[in-house]
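Worksheet: one structure, shown below.
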Amino acid sequence: MSEIRNNWTREEIAAIYNSPVLELIYRAATVHREFNDPQEVQVCTLLSVKTGGCPEDCAYCPQAARYHTDVKVHKLMEVEEVLGKAQEAKESGSTRFCMGAAWREVRNNRDFDKVLDMVKGVNKLGMEVCCTLGMLTEEQANKLKEAGLYAYNHNLDTSEEHYGDIISTRTYKDRLDTLENVRQAKISVCSGGIIGLGESMEDRIGMLHTLSTLPEHPESVPVNALVPVEGTPLEEQPRVSVWEMVRMIATARIIMPKAMVRLSAGRVRMNTEEQALCFMAGANSIFAGDKLLTTPNPNVVSDQEMFQVLNLKPRKAFKEGEEAVKFQQIPSAQAEA
Ligand code: SAM
Ligand code: DTB
Ligand code: SF4
């Protein structure tokens, strides 16, 4: 039985990351089976509840006010409208609903009170409710927990060494402090990063090292492939190869065996076979719905078809409670294998 370790060294992680790719996938698939049901994949839906106009300078992000992108600024949505979207997501088979806001940090104002109401409402629907709102204080994390927040997403994005080339308006330590505030409030931690930002292999290993040596591993680790957006400094970045995605996912799976490893942004440019390799390598969660926050994502029907072809089943909310069977049962989906 593999053990859960928080003392991985960079050298150990590099050796795993650089092992022959088919051996790497085999090892990750083996570890995956020790801790998780390999057929089970969590289906999450994202909603941008406050879009664009962000004061930060994250080089990849279409929502930063300083870059000229096609994203239309939208103030915080109304609670009822958000709950309607959550209900729709639930009906299409999602069990986790994640609300994102283009904020640097949460402020103690009326908008935050509104977000707390959204959290309460989504929780009542029986979905796992997640938010990604930027930096949080301990007190704000406690308030979100009281409102029923299940998980909080705050990505490290890249290694500490590469961070300054991507974001200058806050520090790596700010990110880690927020993760600590989330952890102390007993909220499930979701933290991962992006590949394709122009980082080196050492940067990828550095990020995985930081995540896997936190006092507790994040419960959820999103691996995003950069979606290059026109108008951002990274618009011209070349596409990452599926093998790089597979190596990241497999390494994350091996060093953080119990985490949900999420195949996040970038799926629109991957076919079913490529995504199957990622599931084989231990990915066990996706975002569903034709939009991530502002960029396109595969539509629900094509994902339902993929689940049927690959014999995957959506994971239930909180691992119990109401069953989400709809996602895999659509009469039109033909197994095209
Ligand atoms: N403003 C908050 C923050 O930065 O924490 C929450 C929203 S922010 C859009 C959430 C995450 O989305 C970022 O940390 C980043 O990892 C990811 N992201 C943003 N733009 C992306 C892109 N173009 N491609 C891939 N991932 C992206
Ligand atoms: C994460 O790691 N990826 C999601 C979620 N957490 C919030 C966001 C991806 C955003 C991709 C760019 C966009 O759609 O704006
Ligand atoms: Fe703002 Fe978040 Fe985008 Fe950075 S990633 S610019 S903090 S919305």
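Is it true that some residue in segment 40-59 is within 16 Å of ligand 3 (Cβ to nearest atom), without any contact (Cβ under 8 Å) to a residue 60 or more places away in the chain and either of a type in the set (Val, Ile, Thr) or in a loop (DSSP other than H, G, I, E, B) (or both)?
So far as segment 40-59 goes, yes, one or more of its residues are within 16 Å of ligand 3 (Cβ to nearest atom), without any contact (Cβ under 8 Å) to a residue 60 or more places away in the chain and either of a type in the set (Val, Ile, Thr) or in a loop (DSSP other than H, G, I, E, B) (or both).
Sort out which residues of segment 193-227 are in contact (Cβ under 8 Å) with a residue 40 or more places away in the chain, under 29 Å from ASP70 (Cα atoms) and assigned to a loop (DSSP other than H, G, I, E, B), and write them in order of number.
Of segment 193-227, the ones in contact (Cβ under 8 Å) with a residue 40 or more places away in the chain are 194-197, 199, 201-227.
Filter once more, keeping what is under 29 Å from ASP70 (Cα atoms): 194-197, 199, 221-227.
Hits for segment 193-227 are GLY196, LEU197, GLU199, LEU226, VAL227.
Among what's in segment 151-162 and is in contact (Cβ under 8 Å) with a residue 60 or more places away in the chain and open to solvent by 10 Å² or more (accessible area, probe 1.4 Å), pick the residue that is nearest to ALA185 (Cα to Cα).
So the first thing to find is which residues in segment 151-162 are in contact (Cβ under 8 Å) with a residue 60 or more places away in the chain, and the list is 151, 153, 155, 157.
If we keep only those that are open to solvent by 10 Å² or more (accessible area, probe 1.4 Å) too, we end up with 153, 155.
Values: ASN153: 14, ASN155: 18 Å.
Applying the filter and picking the extreme gives ASN153.
Mind checking which residues of segment 60-76 are in a loop (DSSP other than H, G, I, E, B), of a type in the set (A, V, I, L, M) and crowded, with 21+ Cβ neighbours inside 10 Å?
Pass one, segment 60-76, residues in a loop (DSSP other than H, G, I, E, B): 60-63, 65-73, 75-76.
Applying the additional criterion that residues be of a type in the set (A, V, I, L, M) yields 65, 71, 73, 76.
Within segment 60-76, VAL71 is the sole residue that qualifies.
Would you call LEU144 on the phi < 0 side of the Ramachandran plot, part of a loop (DSSP other than H, G, I, E, B), more than 16 Å from ligand 3 (Cβ to nearest atom) and open to solvent by less than 20 Å² (accessible area, probe 1.4 Å)?
Numbers: on the phi < 0 side of the Ramachandran plot: yes; part of a loop (DSSP other than H, G, I, E, B): no; more than 16 Å from ligand 3 (Cβ to nearest atom): yes; open to solvent by less than 20 Å² (accessible area, probe 1.4 Å): yes.
In short, no.
Name the residues in segment 164-178 that are within 12 Å of ligand 1 (Cβ to nearest atom), of a type outside the set (Asp, Glu) and surrounded by fewer than 23 Cβ atoms within 10 Å (Cβ to Cβ), would you?
Restricting attention to segment 164-178, the residues satisfying the condition of being within 12 Å of ligand 1 (Cβ to nearest atom) are 166-167, 169-170, 174-175, 178.
Now narrow it down to the ones that are of a type outside the set (Asp, Glu): 166-167, 169-170, 175, 178.
Within segment 164-178, ILE166, ILE167, THR169, ARG170, ARG175 qualify.
Yes or no: segment 219-238 includes at least one residue that is open to solvent by 10 Å² or more (accessible area, probe 1.4 Å) and on the phi > 0 side of the Ramachandran plot.
Yes, some residue in segment 219-238 is open to solvent by 10 Å² or more (accessible area, probe 1.4 Å) and on the phi > 0 side of the Ramachandran plot.
Checking ASP111 against (1) farther than 30 Å from LEU310 by Cα; (2) touching a Gly at 6+ places or on another chain (Cβ under 9 Å); (3) not in a loop (DSSP other than H, G, I, E, B), which single condition isn't satisfied?
Just one mismatch for ASP111, condition (2).
Looking at segment 206-218, which of its residues are surrounded by 22 or more Cβ atoms within 10 Å (Cβ to Cβ) and hydrophobic (A, V, I, L, M, F, W, C)?
MET207, LEU208, LEU211
Assess whether GLU88 counts as being buried (at least 16 other Cβ atoms within 10 Å of the Cβ) and either touching a residue at least 60 places away in the same chain (Cβ under 8 Å) or under 23 Å from GLY289 (Cβ atoms) (or both). Full working, then the answer.
Numbers: buried (at least 16 other Cβ atoms within 10 Å of the Cβ): no; either touching a residue at least 60 places away in the same chain (Cβ under 8 Å) or under 23 Å from GLY289 (Cβ atoms) (or both): yes.
It is false that GLU88 is buried (at least 16 other Cβ atoms within 10 Å of the Cβ) and either touching a residue at least 60 places away in the same chain (Cβ under 8 Å) or under 23 Å from GLY289 (Cβ atoms) (or both).
With the condition kept exactly as written, say whether any residue in segment 166-181 is hydroxyl-bearing (Ser, Thr, Tyr) and more than 16 Å from ligand 3 (Cβ to nearest atom). Before the answer, list the steps.
Taking segment 166-181 as the starting set, the residues that turn out to be hydroxyl-bearing (Ser, Thr, Tyr) are 168-169, 171-172, 178.
From what is left, the residues that are more than 16 Å from ligand 3 (Cβ to nearest atom) are none.
Taking every residue of segment 166-181 in turn, none turns out to be hydroxyl-bearing (Ser, Thr, Tyr) and more than 16 Å from ligand 3 (Cβ to nearest atom).
Among CYS44, CYS61, which is the only one that is hydrophobic (A, V, I, L, M, F, W, C), under 24 Å from LEU226 (Cβ atoms), touching a strand residue (DSSP E or B) at 6+ places or on another chain (Cβ under 6 Å) and within 15 Å of ligand 1 (Cβ to nearest atom)? Walk me through how you get there before you give the answer.
Details: CYS61 fails: touching a strand residue (DSSP E or B) at 6+ places or on another chain (Cβ under 6 Å).
It is CYS44.
Go through segment 108-136 and report how many residues are away from ligand 3 (no atom under 16 Å from the Cβ) and open to solvent by 10 Å² or more (accessible area, probe 1.4 Å).
13
Restricting to segment 287-297, name every residue that is buried (at least 20 other Cβ atoms within 10 Å of the Cβ) and in contact with a helix residue (DSSP H, G or I) (Cβ under 7 Å, 6 or more places away or on another chain).
Once the filter is applied, which keeps residues that are buried (at least 20 other Cβ atoms within 10 Å of the Cβ) and in contact with a helix residue (DSSP H, G or I) (Cβ under 7 Å, 6 or more places away or on another chain), segment 287-297 yields ALA288, GLY289, ASN297.
May I ask you to verify whether SER264 is hydroxyl-bearing (Ser, Thr, Tyr) and buried (at least 24 other Cβ atoms within 10 Å of the Cβ)? Walk me through how you get there before you give the answer.
Working: hydroxyl-bearing (Ser, Thr, Tyr): yes; buried (at least 24 other Cβ atoms within 10 Å of the Cβ): yes.
Yes: the conditions hold for SER264.
Can you tell me which residue within segment 122-141, out of those that are within 19 Å of THR171 (Cβ to Cβ) and in a loop (DSSP other than H, G, I, E, B), is farthest from the chain's Cα centre (by Cα)?
Going through the qualifying residues, I end up with THR137.
The values are calculated or read from the model by the stated rules, or taken from the named source; none is laboratory data. Everything numeric in this text was worked out from a predicted model, so none of it was measured. A quick note on method: Cβ atoms are made from the backbone with ideal geometry, for glycine too, and the neighbour counts reach across all protein chains shown. Side chains included, ligands, DNA and RNA excluded: accessible areas come from the protein's heavy atoms. Shrake-Rupley method; radii C 1.70, N 1.55, O 1.52, S 1.80 Å.
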